[in-house]
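Everything on this sheet refers to the single structure shown next.
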Amino acid sequence: MAKDWDLIVTGGDVFTPSGLVSADVAVAEGRIVDIGALDRARADEVFDAKGLTVLPGVIDTQVHFREPGLEHKEDLESGTRAAVMGGVTAVFEMPNTSPATIDEAAINDKLTRAEGRAWCDHAFFAGAAAENAERLGELERLPGVCGVKIFMGSSTGSLLVHEDEDLRRILKHVNRRVAVHSEDEVRLRERFELIREGGKVSQHPEWRDVETAVRSTKRLLKLAREAGKRIHVLHVTTAEEVPILAAAKDIATMEVTPQHLTLAAPYCYEEIGSFAQMNPPIREARHREALWEAVRLGIVDVVGSDHAPHTREEKAAPYPRSPSGMPGVQTLLPLLLDHMNAGKLTLERLVDLTSAGAQRIYNIAGKGRIAVGYDGDFTVVDLKAKTHIEQAWLQSKCGWSPFEGKPITGWPMATIIRGHVAMRDGELRGGPTGRPVRFMETLPHGGGE
Ligand code: DOR
């Protein structure tokens with residue numbers, strides 16, 4: 001006889017909008033249909049979550065999966081596999097692939113490539129360029145697109161928009177929140193002399209210094225305010241940007257990465273050299289502590305991994321030719337759970353930063369909380385499991401993590417996506433059944449100006 005539900009998650013502590021409750025959750029046709037003391041006989045599949053905590057599915061809103069063009073580092077299959085193994089149910093992927101994702105054909109190409117190969121749900125950023133500014137209003141509204149990304153300072157790839165005039169044109173045409181890599185290109189070029197010959201990777205935060213980030217973020221806020229548009233500042237790294245962004249909550253949201261909350265200069269460069277090199281850089285401990293304070297005070301809206309794999313061989317090139325970026329989609333949640341157990345943040349804050357925050361920033365439809373009508377996305381964790389980050393567990397094609405060998409308390413035990421158990425106890429289940437993330441209706445083109 002046909003059952004009422006496809007899946008029931010029973011016996012766990014469930015993180016609902018009413019708080020952490022002992023409850024069962026039923027999923028039918030991909031959506032949550034009931035929460036409470038439920039009859040497990042009504043479900044086709046029973047997931048026993050006794051002793052475990054059921055969180056809203058973790059959404060990583062900043063990953064670089066390198067397909068098309070750079071598949072030797074990562075592709076949509078391997079990147080999403082890493083996500084699911086790390087408890088991540090959805091990812092937003094960046095446009096600095098080759099070719100860059102700057103038109104409808106490139107967006108549709110990524111969506112097609114993801115079909116039947118992505119292990120988790122996904123959306124893609126449209127990259128902003130001087131030449132596509134007028135079309136961004138349409139691109140950002142295409143299905144499967146999470147928004148527009150601007151690189152104000154050059155990083156990996158060729159995407160770059162740093163002239164005020166071009167930024168104004170982009171902001172004029174965009175109506176959704178724009179995600180921005182905020183470093184000042186002019187200052188980066190001026191200061192490149194510092195490291196051009198014989199520079200050391202430990203000088204990375206000296207080249208891309210605090211002023212490089214602060215100048216860019218101030219300029220961005222001014223331009224966004226003039227245009228009446230909303231922005232999202234990616235991977236904020238400086239203590240100095242925190243009060244600036246806290247004073248602009250009406251238009252700006254803020255991301256930090258687990259690596260900026262975990263590592264600090266100069267030790268990270270002494271210990272792992274260019275494997276700690278990324279843009280914007282890992283800085284001294286005073287910045288890390290300021291970012292934690294911003295987490296505590298609620299100023300930080302989301303944690304994104306900025307998963308940016310490069311091969312060991314590429315990383316071995318002498319600085320500054322060594323590429324910037326480190327993998328992180330699989331370690332995002334383990335690191336945050338470990339920090340939670342160390343008293344750095346509460347479970348409530350962790351959930352806000354990994355699911356509800358993403359929903360608020362990008363207007364995601366049907367994800368970001370455990371409530372009836374929402375997608376059946378759950379990240380099931382053992383809050384107290386003790387283990388290590390091991391190389392054999394890592395799925396990224398790059399094959400390394402800056403956190404290899406790190407002891408961790410708290411671990412993702414299962415990843416459930418729209419009612420499908422995609423990972424359990426470190427094993428993948430079924431096939432790659434990820435789908436494009438849906439978004440709430442955005443303002444009509446030309447609105448909000
Ligand atoms: O370090 C970085 N690596 N920062 C970025 O902004 C891009 C990323 C990459 O794609 O390698």
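The values are calculated or read from the model by the stated rules, or taken from the named source; none is laboratory data. Computed from a prediction, not measured in an experiment: that's the story for all the values here. Backbone-built Cβ (ideal geometry, glycine too); neighbour counts: all protein chains shown. What goes into the accessible areas is simple: the full protein's heavy atoms, side chains included, and nothing from ligands, DNA or RNA. Shrake-Rupley method; radii C 1.70, N 1.55, O 1.52, S 1.80 Å.
What does the charge count near Arg81 come to, summing +1 for each Lys or Arg and -1 for each Asp or Glu among other residues with Cβ under 15 Å from its Cβ?
Cβ neighbours under 15 Å give a net charge of -2.
May I ask you to derive the relative contact order of the stretch 175-283, considering only C-alpha pairs under 8 Å and at least 6 residues apart, and to give it as an integer percent?
33 percent
Between Ala41 and Ala105, what length comes free when the chain is fully extended (0.36 nm per residue of separation minus the Cα-Cα distance, one decimal in nm)?
Here the segment from Ala41 to Ala105 would lengthen by 18.3 nm.
Return the calculated 222 nm mean residue ellipticity for the chain, to the nearest 500 deg cm²/dmol, obtained by summing -39500 (n - 2.57) across DSSP H runs with n ≥ 4 and dividing by the residue count.
Value at 222 nm, helices only: -7000 deg cm²/dmol.
Cβ neighbours within 10 Å, averaged per peptide: list 118-129, 420-431, 350-361 in order, most packed at the top.
Going from most to least packed, we get 118-129, 350-361, 420-431.
Run the quick spin-label model on Ser158 and Lys406: label points 7 Å from Cα toward the beta carbon, then report their separation in nm to one decimal.
The modelled label-to-label distance comes out at 3.5 nm.
Hey, which of these cross-link pairs are over 24 Å Cα-Cα: Lys249/Lys384; Lys149/Lys367; Lys73/Lys367; Lys172/Lys367?
Violating the 24 Å limit, Cα to Cα: Lys249/Lys384; Lys73/Lys367; Lys172/Lys367.
Could you tell me the relative contact order of the chain? Use alpha-carbon pairs under 8 Å, at least six residues apart, and round to a whole percent.
Once normalised by length, the contact order is 22 percent.
Please report the net charge: other residues with Cβ closer than 12 Å to the Cβ of Arg215, K and R +1, D and E -1.
After counting each charged neighbour, the total is -2.
What are the DSSP H helices in the chain that stretch 20 Å or more along their long axis, judged by alpha-carbon atoms, and whose average Kyte-Doolittle hydropathy comes to at least -0.5?
TM-like helix candidates: 210-227.
Tell me, what is the per residue accessible area of the stretch 203-295 in Å², probe radius 1.4 Å?
32 Å²
How big is D for the chain, in µm² s⁻¹ as a whole number, if Stokes-Einstein is applied with the Kirkwood radius of its Cα pairs at 37 °C and 0.692 mPa s?
The calculation lands on 150 µm²/s.
More than 23 angstrom separation, counting every C-alpha pair in the stretch 138-246; what % is that?
30 percent
What FRET efficiency comes out for the pair Arg225/Lys384, r = Cβ-Cβ distance, R0 = 51 Å, nearest 0.05?
My answer for the efficiency is 0.65.
Could you quote the convex hull projected area for the stretch 1-151, Cα atoms only and averaged over all directions, in nm²?
Result: 11.2 nm².
Provide the FRET efficiency to the nearest 0.05 for the Lys50-Glu115 pair, computing r from the beta carbons and using R0 = 25 Å.
Taking R0 as 25 Å, the efficiency between Lys50 and Glu115 is 0.10.
Tell me, what is the per residue accessible area of the stretch 118-182 in Å², probe radius 1.4 Å?
Per residue, the stretch 118-182 has 28 Å² of solvent-accessible surface.
What is the dipole size for the stretch 180-306, taken about its Cα centre, with +1 at each Lys and Arg Cβ and -1 at each Asp and Glu Cβ, in debye to the nearest 20?
420 debye
Per residue, what volume in Å³ does the Cα convex hull of the stretch 269-392 take up?
151 Å³
With the Cα gyration tensor of the stretch 1-50 in hand, convert its eigenvalues to equivalent ellipsoid semi-axes via √(5λ) and list them largest first in whole Å.
Semi-axes, largest first: 19, 11, 8 Å.
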